[in-house]
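The values are calculated or read from the model by the stated rules, or taken from the named source; none is laboratory data. Keep in mind that what you see is a predicted model, and the values were worked out from it rather than measured. Cβ atoms come from the backbone with ideal geometry, glycine included; neighbour counts cover every protein chain shown. Calculation scope for accessible area: heavy atoms of the full protein, side chains included, ligands and nucleic acids excluded. Shrake-Rupley method; radii C 1.70, N 1.55, O 1.52, S 1.80 Å.
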Amino acid sequence: MTKTKYGYVPNKARNIKINHQLYMDDLKLFAANEDQMRRLLEIVSSFSQTIGMELGLDKCAVLNVKRGKITKGQEMKLWDETRIQYLQPQETYKYLGVQQALDINAAQVKENFKTKYFARVRSLLKAKLSSKALFTSINIWAVPCMSYSFGVVRWTAAELQAMDVQTRELLTRYGVHHPHSSVGRLYMSRHEGGRGLKNMQITHNKIVLEMRNYFRSKNFLFIQVMCKEDESSPLQLARPSLDLKEQSLKQLSEEWHNKALHGRYPGHLKSNNIIKSESLTYLKAGYLFPETEGRIVAIQDQVVSTRAYIKRITGRNIPTDMCRKCAKTLETIQHVTSSCPIMAPKDYTERHNAMARVYHRELAKKAGLIQDQGKPHTYQPRDVLENDVIKLYWDTALVTDRAIPHNRPDIVLFNKAERYV
């Protein structure tokens, strides 16, 4: 095709000619007039017949442009009496997933992409996936609906930010994201304590810059000339640099760490007495329900509605910010989760025992004391389990030679054979 004399000349000064664009099985032909177009179609038809294929003329259309305007027509008659319909002035043709005619109707195309993207996000939110599976699915199934258009359609930073906001609103509506939780954390890697959602603006900038660098490195002269003439092109290849309002994950991470309230959790992860990799196991595994994980993240971000948060952070006028259980201390997350004397005998003990039961169950199985195959949360330990070798106590007071006040350990294992405790 490139060796023929047929084609359209977009720039006479540079003597650049183009007669086709081909991607997989989508072909677009360019010609200076109708006669040339017929001859190009003959070449394509001949080649197709040689390899045992044929043109899908029912999916073809002709766009006839004279002096920058689309001319009306009925059909183009080919050599074998077949006909291809003309594209009318108000009609568009779908090429590589984008509706276009003489140019691309950016507003309509953007709306189509956004509609498809949000439809997929809603479908995934209704699918009852685990948390990691949900965010991974959004990244690999929904986000590509948008990223496909990056570099083809020009998106503004405001439009991309609005999409991120709307996505967060959807997550909030389905209980996956607390409205006051850290925004930056939502886009951080799960290995860093985030939830792993792709940020639309960061994804856009990355793709546009990569496409731009690729085309410039290949020195595709035609593309550079066309983009120089069309300033609406998002790549703007003729420019030496592209001014994008760059927002990186590093910046989002710094904002998250610098927040007075939200930044406490990532600050604690850096402490020497914290094993970060172990503390983030539940996020990296992602086995929790999205709603459960969202609540845990909200607690860690300290944005749940404790009295101290309502009065001191949101500024609402309430009678008191003291704990509604003990009425002695500020009702903060730290107090509610570990310091309230009223909750200690029952709630804290039950939380502690729920964890200890898992250890007791595994020790008993390893020692051959039980054959339990049920779920860990349904396991109820017996006070004493014993065989010829092992004796296992659960929450039992021990009699000692010398009286001690704290003589009721959670779990005690006696190895009678090797004589150790």
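Laid out as a table, the results:
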| read-out | value |
| --- | --- |
| Tally, over segment 20-54, of residues that are in contact with a helix residue (DSSP H, G or I) (Cβ under 6 Å, 6 or more places away or on another chain) and assigned to a loop (DSSP other than H, G, I, E, B) | 2 |
| Residues (of a type outside the set (Val, Ile, Thr) and surrounded by 15 or more Cβ atoms within 10 Å (Cβ to Cβ)) located in segment 40-65 | Leu40, Leu41, Ser45, Leu55, Cys60, Ala61, Leu63, Asn64 |
| Residue match in segment 330-340 (condition: surrounded by fewer than 13 Cβ atoms within 10 Å (Cβ to Cβ) and over 27 Å from His180 (Cβ atoms)) | no |
| Breaking point among (1) in a loop (DSSP other than H, G, I, E, B); (2) open to solvent by less than 20 Å² (accessible area, probe 1.4 Å); (3) over 24 Å from Arg173 (Cα atoms), for Pro319 | (2) |
| Residue in segment 179-188 that is open to solvent by 20 Å² or more (accessible area, probe 1.4 Å) and out of contact with any Asp or Glu (no Cβ under 9 Å at 6 or more places or on another chain) present | no |
| Entirely in segment 209-310, the helices (runs of 4 or more DSSP H) that have 1 or more residues that are modelled with pLDDT of 90 or more and surrounded by 14 or more Cβ atoms within 10 Å (Cβ to Cβ) | 249-258, 264-269, 276-279, 281-285, 290-300 |
| When residues of segment 376-418 are limited to those that are among the hydroxyl-bearing types (Ser, Thr, Tyr) and out of contact with any Leu (no Cβ under 9 Å at 6 or more places or on another chain), the one most open to solvent (accessible area, probe 1.4 Å) | Thr378 |
| Within segment 117-146, tally of residues that are among the charged types (D, E, K, R), surrounded by fewer than 16 Cβ atoms within 10 Å (Cβ to Cβ) and at pLDDT 95 or above | 2 |
| Residues of segment 351-373 satisfying the condition of being surrounded by 10 or more Cβ atoms within 10 Å (Cβ to Cβ), over 17 Å from Ala417 (Cβ atoms) and of a type outside the set (A, V, I, L, M, F, W, C) | Arg351, His352, Asn353, Arg357, Tyr359, His360, Arg361, Glu362, Lys365, Asp372 |
| Residue within segment 399-407 that is modelled with pLDDT under 95, outside any strand (DSSP E or B) and closer than 18 Å to Glu362 by Cβ present | no |
| Checklist (1) open to solvent by less than 60 Å² (accessible area, probe 1.4 Å); (2) modelled with pLDDT under 90; (3) of a type in the set (Lys, Arg) applied to Lys77, failing item | (1) |
| Pair list, Cβ under 7 Å, 6 or more apart: segment 21-34 residue touching a residue at least 60 places away in the same chain (Cβ under 8 Å), other residue part of a strand (DSSP E or B) | Asp26/Tyr95; Lys28/His20; Lys28/Gln21; Lys28/Tyr95 |
